[in-house]
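First comes the structure, then the notes that go with it.
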Amino acid sequence: VYLETYGCQMNVNDTEIAWAILQKNGYARTKELDEADVILLVTCSVREKAEQAIWNRLQHLKSLKARRPQARAPLRIGILGCMAERLKEEILQREKLVDVVAGPDAYRDLFSQLAVAESGQQAANVLLSLDETYADILPVQTSAGGRTAFVSIMRGCDNMCSYCIVPFTRGRERSRPIASILQEVRMLSDQGVKEVTLLGQNVNSFRDLSEVQFQSVAAPGLSRGFSTVYKAKSGGLRFAHLLDQVSRIDPEMRIRFTSPHPKDFPDEASVLQLIQERHNICKQLHLPAQSGSTRVLEAMRRGYTREAYLELVHHVRDSIPGVSLSSDFIAGFCGETEEDHQQTVSLLREVRYNIGFLFAYSMRQKTRAHHRLQDDVPTDVKKRRLEQLIATFREEAARANAALVGQAQLVLVEGPSKRSASELCGRNDGNIKVIFPDAELEDAAECGAPGRAQPGDYVMVKVTSASSQTLQGVPLCRTTLSRAAASH
């Protein structure tokens, strides 16, 4: 089987789940397209561009299928994930090229679907589940030199933002039992993984209902000035409890999480307190804003005003000194005026994010915006506004990063830099890329001889220059996460 992943980090994780299931059923994995008997594309539906990439890829695979020698078994092609969920009929009908269609909750069924495809029939399962979390399937990790890993803690989303297809392609929100998450993180720690990112569409509304004694716990409040389209849910162990447990497993393993929703950081914010207290929880938060205009935020059904969002940003910065912030923004949403757009520009200036993900709005069928609103901002206007948002973000990120020049940053080494074999690349606590020369280094713990840093090592780097995307520096010494925290 040959697996190809498109879209978000959830899809990377889904790819590993699908592979774990097929591996148990006797499949081998290949990195060579020509060796494959089965090609599976794990797809994304968030924007039209993502879907177009898949249709283009299928055209290429069509010729591969046609050229397949008679002596070999026919090539089988499968579409997995969000696009399978959204466009099942169209995928099966279009040129009869695809043999298997499996939605995000149907991966357990993959082996039997492929068996059906062997007999020359098409097989599809896009049933969404209310309880599937793949809790018992430990994904096979294959990322960045095996030093960083993503652990899925929940699936689906209940927020129903008006622009978003996710609740329709990934279904309702359900959380994985904490015990199975801790088991996976322990296993990764034993394998030498040095950084784990907890993944979910809305991680901080996590609630594990698997243990009876916690099923009647009261629902937590929302952040001040925030609201939801659904009733507050009581019961279950919450995200703060999970984060506390995960961060205790290995003091030398960094913990990150994405993506939280701003509404789920209530004022008694034990999550923010944990980030501030624990040396191995990264001082970095993703706070997706989407727009800087209260009017647009209301049309998006985000559940907050510009003022409430800014108040949260100030609260976060007060609680976690030196925190690195990232965000998502959509340019040209339905009904967005020039004034609305300028408010987003001013929010980017005011908050000064370190990392940003910015996109032009792409209308998706099934969403509330598709039923109730009009995609009335012309394409060229969206493009111009997006370019202005990107330019503003870069300007401010460059300023934020410039403030780090002269400081020492703890970097987790990922491997050689793409640009030069004589340089190494890694990320600091704030998730910003840091590049530095690959040189002989002293070991600060004095337990090892001087040597070159390897992937998975922590290196203290003095920052000498910065851009909006990266920091450059000179390495000072190898060290450990605990030692670096103690000396700060």
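The values are calculated or read from the model by the stated rules, or taken from the named source; none is laboratory data. Small disclaimer: the values here were computed from a predicted structure and weren't measured. Using ideal geometry, Cβ is built from the backbone for each residue, glycine included, and neighbour counts are taken over all protein chains shown. Note: areas computed on protein heavy atoms with side chains; ligands, DNA, RNA excluded. Shrake-Rupley method; radii C 1.70, N 1.55, O 1.52, S 1.80 Å.
Counting only protein heavy atoms and using a 1.4 Å probe, what share of the accessible area of the chain belongs to carbon plus sulfur, as a whole percent?
Carbon-and-sulfur percentage of accessible area, whole number: 51.
Fully extended, how many nm does the chain gain between His60 and Arg295 (0.36 nm per residue separation, minus their Cα-Cα distance)?
Taking His60 through Arg295 to full extension adds about 80.2 nm, to one decimal.
At a Förster radius of 41 Å, what calculated FRET efficiency corresponds to the Cβ-Cβ distance of Val229 and Glu442, to the nearest 0.05?
0.15
Name the trypsin sites (Lys or Arg not before Pro) in the stretch 2-62 that are in a loop by DSSP and that have at most 15 other C-beta atoms within 10 Å, would you?
For trypsin sites (Lys or Arg not before Pro) across the stretch 2-62 that sit outside H, G, I, E and B with at most 15 neighbouring Cβ atoms in 10 Å, the list reads Arg29, Lys31.
Given the options Ile39, Val101, Cys82, identify the residue whose Cα lies farthest towards the positive end of the charge dipole of the stretch 11-121 (+1 on Cβ of Lys, Arg; -1 on Cβ of Asp, Glu).
Working it through, the farthest residue towards the positive pole turns out to be Ile39.
In nm, what is the difference between 0.36 nm times the number of residues separating Ala403 and Ser119 and their Cα-Cα distance?
Value of the extension gain: 96.0 nm.
Using +1 on the beta carbon of Lys and Arg, -1 on that of Asp and Glu, and nothing else charged, what's the dipole of the chain about the Cα centre, debye to 20?
For this selection, approximately 740 debye.
Under a 1.4 Å probe, what is the accessible area of the stretch 407-486 per residue, stated in Å²?
I get 47 Å² per residue for the stretch 407-486.
Could you grab the relative contact order for the stretch 148-401? Cα pairs under 8 Å, six or more apart, rounded to a whole percent.
Normalised by residue count, the contact order of the stretch 148-401 is 18 percent.
Any idea what the alpha-carbon Rg over 2.2 N^0.38 Å comes to for the stretch 89-182?
Dividing the Cα radius of gyration by 2.2 N^0.38 Å gives 1.29.
Cross-link candidates for Lys88: which lysines have Cα within less than 17 Å, leaving aside residues fewer than 8 places away along the same chain?
Lys96, Lys366
Keeping all protein chains in place, calculate the accessible area per residue for the stretch 148-401 (probe 1.4 angstrom), answer in Å².
39
Which listed residue (Ala66, Leu22, Leu92) has the Cα farthest towards the positive end of the charge dipole for the stretch 2-125, taking +1 on Lys and Arg C-beta and -1 on Asp and Glu C-beta about the Cα centre?
Towards the positive end, the residue furthest out is Ala66.
Ignoring everything except DSSP H segments at least 4 long, calculate the 222 nm mean residue ellipticity for the chain; use -39,500 (n - 2.57) per segment, divide by total residues, nearest 500.
Calculated from helices alone, the mean residue ellipticity at 222 nm is -10000 deg cm²/dmol.
Give the accessible surface of the stretch 2-125 per residue, rounded to a whole number of Å², with probe radius 1.4 Å and ligands, DNA and RNA excluded.
That works out to 45 Å² for each residue.
One-quarter of the Cα convex hull surface for the stretch 407-486, in nm²?
4.9
Which residues does a label at Ser129 reach in the stretch 80-100, if reach means a backbone N under 19 Å from a point 7 Å past the Cα toward the Cβ?
Answer for the stretch 80-100: 80-86.
Taking the Cα centre as origin and putting +1 on Lys and Arg beta-carbons and -1 on Asp and Glu beta-carbons, what dipole magnitude results for the stretch 181-322, to the nearest 20 debye?
Value, rounded to 20: 440 debye.
Can you give the Kirkwood hydrodynamic radius of the stretch 2-125 from its Cα pairs, in Å with one decimal?
14.4
Starting from 0.36 nm per residue, how many nanometres of slack lie between Ser319 and Arg452 once their C-alpha separation is accounted for?
44.2 nm
Any idea what the relative contact order of the chain is, in percent, if you count C-alpha pairs under 8 Å spaced at least 6 apart?
Contact order relative to length: 10 percent.
For a protection proxy built on the mean count of beta-carbon atoms within 10 angstrom, sort 157-170, 343-356 highest first, please.
Going from most to least packed, we get 157-170, 343-356.
Could you check the simple spin-label distance between Glu307 and Leu182, using points 7 Å along Cα→Cβ, in nm with one decimal?
In this crude spin-label approximation the distance works out to 4.3 nm.
Place +1 on the Cβ of every Lys and Arg and -1 on the Cβ of every Asp and Glu in the stretch 407-486, take the dipole about the Cα centre, and give the residue among Leu441, Gly430, Ala484 whose Cα lies farthest towards its positive end.
With unit charges placed on the Cβ atoms, the residue in question is Gly430.
What pairs from Lys231/Lys433; Lys62/Lys383; Lys31/Lys65; Lys383/Lys433; Lys283/Lys418 go past 29 Å between their alpha carbons?
Lys231/Lys433; Lys62/Lys383
For the stretch 2-125, with only Lys/Arg (+1) and Asp/Glu (-1) charged at the beta-carbon, what is the dipole magnitude about the Cα centre, in debye rounded to 20?
Roughly 300 debye, rounded to the nearest 20.
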